[in-house]
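The values are calculated or read from the model by the stated rules, or taken from the named source; none is laboratory data. Given the structure is predicted, the values throughout are model-derived calculations rather than measurements. Cβ placement follows ideal geometry from the backbone for every residue including glycine, while neighbour counts extend to all protein chains displayed.
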Amino acid sequence: MSKNISRRRFIKGVGGAAAGAYTGGLGSAREANADSTAVEWDPDRPQIISSKPLVIQPLLRHEIETRKPHTSWRNWGDVHTEADGLREVRRISKELGRLSQKADFPLEILPVARVTTDAQAANVRDASPADVMILYAAGARSLDPCITSKRSTIIFVRHRSGPVYDWYENVSNRFLRVPGRNFEYDQFRNFEGVGVDDIVVDDYDEVLTHYESDYGAAPKVSMPIGRQVTIVNPDCAQVRWLGFTGTVESNPAYSICRSQQDIRIEIGKLIGISMGVLTPTKSKSCSPRWLSLSRMQRSAGVEDEAK
């Protein structure tokens with residue numbers, strides 16, 4: 001590996017390329033792979049990330065509040081009027097432009113949606129095609145109508161980066177935890193999967209880290225039916241490894257994780273692994289066997305033992 005490439009960049013590039021090559025809808029990636037010709041390996045050449053852009057929906061939630069005499073007429077924070085909201089949209093658009101330039105992976109940032117009612121918020125929530133929503137929580141009675149478990153949501157609140165947001169003060173005791181008969185204040189409710197780790201205060205570098213995480217998970221890998229694959233599973237100590245071949249039967253979509261494959265295993269075709277080298281074994285057994293490999297063994301002399 002080149003000394004000029006970081007481990008983080010290497011993993012991102014390899015993971016993105018592998019996922020993109022098998023993601024449904026990425027015909028261009030498949031065509032590029034099919035038409036590619038062999039080239040000499042150059043570890044210093046920039047890596048190609050052949051995955052789809054991560055689509056971001058910025059949503060500014062605030063309320064229009066009118067001054068009333070002799071009474072409290074507004075919530076905490078500094079975004080209360082139509083003019084305040086429009087200024088904030090311009091600020092957010094500029095910040096996201098800089099964020100897009102800083103990211104070293106593709107982003108598609110949709111226009112900032114500005115809503116002042118729960119109904120408007122729900123419409124954006126349901127209609128947006130985004131993979132991720134960044135919710136600018138300037139003010140509202142509730143953030144719940146803005147959020148769905150169908151996508152990742154980042155709640156962004158301002159303290160020092162601009163006008164103070166109402167939810168900078170209230171996100172803990174009105175969203176993360178809510179009161180009730182059973183002392184619900186004592187526990188996080190994780191509404192629609194959004195928890196304390198999804199709250200960002202002022203820091204766009206932290207937003208970018210969230211985006212990178214979602215970028216790695218966004219594609220659903222769909223492998224061609226009938227593809228021959230090799231599976232290698234280590235034990236926790238990575239001393240003994242079980243290797244076998246199989247054939248992709250289907251690409252289910254259970255809620256347990258983003259990408260799954262059903263693979264028919266060809267019993268008896270085992271693979272030994274030593275020092276990172278794959279070595280076929282000559283096993284005649286009809287059942288899988290654990291391969292106990294010493295790190296001192298050379299790949300040419302791999303031995304196996306039945307478990």
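Values for this structure:
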quantity: Residue check for A130: surrounded by 19 or more Cβ atoms within 10 Å (Cβ to Cβ), in contact (Cβ under 8 Å) with a residue 12 or more places away in the chain and touching a helix residue (DSSP H, G or I) at 6+ places or on another chain (Cβ under 7 Å); calculated: no
quantity: Cross-chain or 6+ apart pairs with Cβ under 7 Å, region 80-92 first and closer than 13 Å to V115 by Cβ, then exposed (fewer than 15 other Cβ atoms within 10 Å of the Cβ) and of a type in the set (A, V, I, L, M, F, W, C); calculated: E82/I64
quantity: Some residue of region 110-120 being more than 28 Å from W73 (Cα to Cα) and either touching a residue at least 12 places away in the same chain (Cβ under 8 Å) or surrounded by fewer than 16 Cβ atoms within 10 Å (Cβ to Cβ) (or both); calculated: yes
quantity: Residue that is modelled with the highest pLDDT [pool: residues in region 107-118 that are touching a helix residue (DSSP H, G or I) at 6+ places or on another chain (Cβ under 8 Å) and over 12 Å from L59 (Cα atoms)]; calculated: D118
quantity: Residue match in region 91-104 (condition: out of contact with any helix residue (DSSP H, G or I) (no Cβ under 9 Å at 6 or more places or on another chain), assigned to a loop (DSSP other than H, G, I, E, B) and assigned by TED's automatic domain parsing to the domain that holds V178); calculated: no
quantity: Within region 179-297, strands (runs of 3 or more DSSP E) holding 2 or more residues that are at pLDDT 75 or above; calculated: 199-201, 228-234, 240-250, 262-274
quantity: Search result, residues across region 231-243 that are out of contact with any Gly (no Cβ under 7 Å at 6 or more places or on another chain) and under 18 Å from Q260 (Cβ atoms); calculated: N233
quantity: Condition met for Q47 (more than 16 Å from Y165 (Cα to Cα) and at pLDDT 95 or above); calculated: no
